[in-house]
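Notes follow the structure.
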Amino acid sequence: MKAACAFFLLAAFIAANSPAEANSPAEANSPAEEQLPNRIQGDLGIFIDSDQNPIRGDSTRPMLLPFGYFDYGRVFTRIDTFGIKTLPVEYGYLELVGRVKFDGYETAGNAALKGIDDRQNSFPIGLGTFQLTPIGGFFLYALHDVNRSQGNLYEATYAAELKFGGMTAYPEAGIEYYSSKYTQYYYGVSNSEAVTSGYASYSPAAAANPFISLLLQVPLVDGWNANFYLRRKWLGAAIANSPLVDKKLGDAGFVAVVFHFD
């Protein structure tokens, strides 16, 4: 994992310090921005996040976190996803990305997970792109967890923008795909855990999890906005059927106060 982190940081440093202007006629003709602004564009603030974990006995954990959804030259952050824009591709860029996930859990003090080992948070890194097209935005990611699971995560999301009464709504629909290594680590029960926990051993396959979400942006005063977000995710059978899981759905939401930089 240390080698992967070092590689990611080195690539990020090189890309972040490369010229922002288009370097070739092919790049200049791309619908993507010809020149990346050398200033913050987007939102900065704080938010209270509440993400429901489907694991038995693991209650929802509200967290106060910094909020960032902005671009700064080639660098960007999209709440839980951060990265570097590299080559122009159609309506966006090929991106080197990482993601912050709180998918791990501790089992000490959780009677429902007695005999089950702790699971560490994943650290997915990989490639992605955000394509801002005339019909909406498309987010595509292919990530690999360089921490304990060594699994792969894929995600595709479509987002629209609707304005009304001074407010802006961003409805989204998409799907996540977790490889069997990822689901095995977080939702599987090993043979040794089956002996100590009393649960039957469980080796899940890959899982596809469709979701819908809505972000509502409400203007406050002098560039400040309030953001309200809700998401519902339907867990794939490989996850929902795990003896460690007691939910079929994964709900999440947050409330944020942010300042918008033009």
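Overview of results
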read-out	value
Residue within the range 99-116 that is of a type in the set (G, A, S), at pLDDT 95 or above and part of a strand (DSSP E or B) present	no
F261 of a type in the set (F, W, Y) and over 17 Å from the mean Cα position of the chain (by Cα)	yes
The one condition in (1) touching a residue at least 60 places away in the same chain (Cβ under 8 Å); (2) under 20 Å from S59 (Cα atoms) that Y229 fails to fulfil	(1)
Members of the range 55-101 that are among the polar types (S, T, N, Q) and farther than 29 Å from W224 by Cβ	S59, T86
Any hit, the range 79-89, residues being among the aromatic types (F, W, Y), more than 17 Å from the chain's Cα centre (by Cα) and either at pLDDT 95 or above or at positive phi (or both)	no
Neighbours by Cβ (under 7 Å, 6+ apart or cross-chain): first from the range 103-132, in contact (Cβ under 8 Å) with a residue 24 or more places away in the chain and over 24 Å from T86 (Cα atoms); second loosely packed, with under 15 Cβ neighbours inside 10 Å and among the hydroxyl-bearing types (S, T, Y)	G115/T196
Strands (runs of 3 or more DSSP E) completely within the range 145-262 that count 1 or more residues being at pLDDT 95 or above and surrounded by 15 or more Cβ atoms within 10 Å (Cβ to Cβ)	152-159, 167-178, 207-219, 224-234, 249-261
Positions within the range 71-94 being touching a residue at least 60 places away in the same chain (Cβ under 8 Å) and part of a loop (DSSP other than H, G, I, E, B), in sequence order	E90, Y91
Lone unmet requirement of (1) of a type in the set (S, T, Y); (2) closer than 26 Å to D145 by Cα; (3) modelled with pLDDT under 90 for S24	(2)
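The values are calculated or read from the model by the stated rules, or taken from the named source; none is laboratory data. Bear in mind that the values here come from a model prediction, so they are computed numbers and not experimental data. With ideal geometry, Cβ positions are generated from the backbone for all residues, glycine too; neighbour counts draw on all protein chains shown.
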